[in-house]
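*Asks:* Pasting a structure below so you can have a look.
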Amino acid sequence: MHNPPTISVERIGSVGVVTFNRPGRLNAYTPHMGDELVDAFRTLSADTAVGAIVVTGSGRAFCAGADRDFLNGQPSRTGKQIGEEHFIAGFAEELFSLHKPTIAAVNGPAVGIGVTMLLPFDFRIAGMRARFGFPFAGLGLMPGMGSTYLLPAIVGPAQAKQILLLGKTINAQDALDIGLVHEVVDDSALFDHALALGVRLAEHDRSVLAGCKRALNHQSVAALREAVQREREETRRLAENRPRTTDRVDGRPCS
């Protein structure tokens, strides 16, 4: 059976545009989407005509978290469980270190993986209806993609603890106030605003932009790598210590 692409990729002038393309599922993340994202970023990074990259969602959401079917154990077409694909398991450092500027245009809810994937971006611009959800503690899951390093680096350790330990959802204005996003604009103007920023960045000397990013990120790359490794270790520890779902009490799963 043919599996339609979960993202679309195009070039608008000097800007590469990646759009999540599962609007009927609020652009819920799947392992196949992760594979397509890795391919898209690498292709756009290698395209000499592209000077900046914008990522956004189609429909009412940016990315409303992981698709429930895969959270419930459905394997991807490659046989991997969610979290085993490279996008979640190892792509954060590559995305963070991408030599071209990256811009997230958050057009609606960004939840779970939908928000952790935003943190390595250089610019995060929110529409008014954007919401940023960190439900990991309530779901019994570890946040990933180096977010345990990137989030406190962006908003500060105290805010990061409140957000992650309380499983907070943050509206666009509050996200701006704590520095999680750089700008909030009207929803109708969001994509054009992000695209204009991409065009502006692409007009600069690209070797200078790449050099600035390398210098700015130099000390953070090792810390991000260590955070990803710690997150994976904690995820394994959780899995080892979690009661088996086959153990039942009163006919119901224990977990």
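The values are calculated or read from the model by the stated rules, or taken from the named source; none is laboratory data. If you're wondering where the values come from, they're calculated on a predicted model, not measured in any experiment. For neighbour counting, all protein chains shown are included, and Cβ atoms are generated from backbone atoms with ideal geometry for every residue, glycine included. Just so you know, the surface numbers come from the protein's heavy atoms only, side chains and all, with ligands and any DNA or RNA stripped out. Shrake-Rupley method; radii C 1.70, N 1.55, O 1.52, S 1.80 Å.
*Asks:* Scan region 28-37 and give yes if some residue there is touching a Cys at 6+ places or on another chain (Cβ under 6 Å), in contact (Cβ under 8 Å) with a residue 40 or more places away in the chain, more than 19 Å from Leu190 (Cβ to Cβ) and buried (at least 21 other Cβ atoms within 10 Å of the Cβ), otherwise no. Explain how you work it out, then say what you get.
*Replies:* Residues of region 28-37 touching a Cys at 6+ places or on another chain (Cβ under 6 Å): 29.
Keeping just the survivors that are in contact (Cβ under 8 Å) with a residue 40 or more places away in the chain gives 29.
Cutting the leftovers down to more than 19 Å from Leu190 (Cβ to Cβ) gives us 29.
Okay, now just the ones that are also buried (at least 21 other Cβ atoms within 10 Å of the Cβ), so 29.
Taking every residue of region 28-37 in turn, at least one turns out to be touching a Cys at 6+ places or on another chain (Cβ under 6 Å), in contact (Cβ under 8 Å) with a residue 40 or more places away in the chain, more than 19 Å from Leu190 (Cβ to Cβ) and buried (at least 21 other Cβ atoms within 10 Å of the Cβ).
*Asks:* Only residues in region 180-194 that are at pLDDT 95 or above count as the first member; pair them with residues that are open to solvent by 40 Å² or more (accessible area, probe 1.4 Å), Cβ under 6 angstrom, at least 6 apart or cross-chain, and list the lot.
*Replies:* As it stands, the answer is His182/Phe123; Val184/Leu176; Val185/His193; Asp187/Met128; Asp187/Arg129, since those pairs meet every condition given.
*Asks:* When the residues of region 58-81 are filtered to those that are outside any loop (DSSP other than H, G, I, E, B) and open to solvent by 10 Å² or more (accessible area, probe 1.4 Å), which remaining residue is modelled with the highest pLDDT?
*Replies:* Just the residues of region 58-81 that are outside any loop (DSSP other than H, G, I, E, B), to begin with: 63, 66, 68-71.
Next cut, open to solvent by 10 Å² or more (accessible area, probe 1.4 Å) only: 66, 68-71.
Working: Ala66: 94, Arg68: 88, Asp69: 83, Phe70: 78, Leu71: 74.
Restricting to residues being outside any loop (DSSP other than H, G, I, E, B) and open to solvent by 10 Å² or more (accessible area, probe 1.4 Å), the top hit is Ala66.
*Asks:* Can you work out which of the residues in region 90-107 that are in a helix (DSSP H, G or I) and open to solvent by 10 Å² or more (accessible area, probe 1.4 Å) is farthest from Arg214 (Cα to Cα)? Don't jump to the end; show me each part of the working.
*Replies:* Taking region 90-107 as the starting set, the residues that turn out to be in a helix (DSSP H, G or I) are 90, 92-96.
Pick out the ones that are also open to solvent by 10 Å² or more (accessible area, probe 1.4 Å) and you get 90, 93-94, 96.
Details: Gly90: 19, Glu93: 12, Glu94: 12, Phe96: 10 Å.
Looking at the filtered set, the residue picked out is Gly90.
*Asks:* Name the one entry in Phe87, Phe20, Phe41 that is within 30 Å of Ser207 (Cβ to Cβ), open to solvent by less than 20 Å² (accessible area, probe 1.4 Å), touching a Gly at 6+ places or on another chain (Cβ under 6 Å) and among the aromatic types (Phe, Trp, Tyr).
*Replies:* Residue meeting the stated conditions: Phe87.
*Asks:* Then there's this: Quick one: in region 44-57, which of the residues that are without any contact (Cβ under 8 Å) to a residue 60 or more places away in the chain and outside any loop (DSSP other than H, G, I, E, B) is most open to solvent (accessible area, probe 1.4 Å)? Before the answer, list the steps.
*Replies:* As a first pass, look at region 44-57 and keep what is without any contact (Cβ under 8 Å) to a residue 60 or more places away in the chain: 44-49, 57.
In the following step, the residues that additionally are outside any loop (DSSP other than H, G, I, E, B) were identified as 44-46, 57.
On the way: Leu44: 9, Ser45: 23, Ala46: 80, Gly57: 12 Å².
Checking each candidate, the answer is Ala46.
*Asks:* Same structure again: Give me the strands (runs of 3 or more DSSP E) completely within region 108-153, filtered to those with at least 1 residues that are among the aromatic types (Phe, Trp, Tyr) and more than 11 Å from Ala227 (Cβ to Cβ), ordered by residue number. Working first, answer last.
*Replies:* Working: elements: 109-111, 123-127, 131-133.
Hits in region 108-153: 123-127, 131-133.
*Asks:* Right, Asn217: modelled with pLDDT under 95 and out of contact with any Lys or Arg (no Cβ under 7 Å at 6 or more places or on another chain) or not? Give the steps one after another, and end with the answer.
*Replies:* Details: modelled with pLDDT under 95: no; out of contact with any Lys or Arg (no Cβ under 7 Å at 6 or more places or on another chain): yes.
Here the answer is no, as Asn217 does not meet what is asked.
*Asks:* So how many residues does region 182-194 have that are open to solvent by less than 60 Å² (accessible area, probe 1.4 Å) and either on the phi > 0 side of the Ramachandran plot or not aliphatic (A, V, I, L, M) (or both)? Show your work before the answer.
*Replies:* In the first step, residues of region 182-194 are kept if they are open to solvent by less than 60 Å² (accessible area, probe 1.4 Å); the result is 184-185, 187, 189-190, 194.
If we keep only those that are either on the phi > 0 side of the Ramachandran plot or not aliphatic (A, V, I, L, M) (or both) too, we end up with 187.
Qualifying residue count, region 182-194: 1.
The rows are residues; the columns are (1) closer than 25 Å to Gly16 by Cα; (2) surrounded by 18 or more Cβ atoms within 10 Å (Cβ to Cβ).
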| site | (1), (2) |
| --- | --- |
| Lys161 | no, no |
| Gln173 | no, no |
| Ala196 | yes, no |
| Arg206 | yes, yes |
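*Asks:* Additional query: Could we say that Phe123 is touching a residue at least 24 places away in the same chain (Cβ under 8 Å), more than 26 Å from Ala196 (Cα to Cα) and surrounded by fewer than 24 Cβ atoms within 10 Å (Cβ to Cβ) here? Write out each step before concluding.
*Replies:* Details: touching a residue at least 24 places away in the same chain (Cβ under 8 Å): yes; more than 26 Å from Ala196 (Cα to Cα): no; surrounded by fewer than 24 Cβ atoms within 10 Å (Cβ to Cβ): yes.
It is false that Phe123 is touching a residue at least 24 places away in the same chain (Cβ under 8 Å), more than 26 Å from Ala196 (Cα to Cα) and surrounded by fewer than 24 Cβ atoms within 10 Å (Cβ to Cβ).
*Asks:* Continuing with this model, one more query. From Gly179, Gly211, which residue is open to solvent by less than 40 Å² (accessible area, probe 1.4 Å), out of contact with any strand residue (DSSP E or B) (no Cβ under 7 Å at 6 or more places or on another chain) and not in a helix (DSSP H, G or I)? I'd like the intermediate steps shown before the answer.
*Replies:* Details: Gly211 fails: not in a helix (DSSP H, G or I).
Checking each option against the conditions leaves just Gly179.
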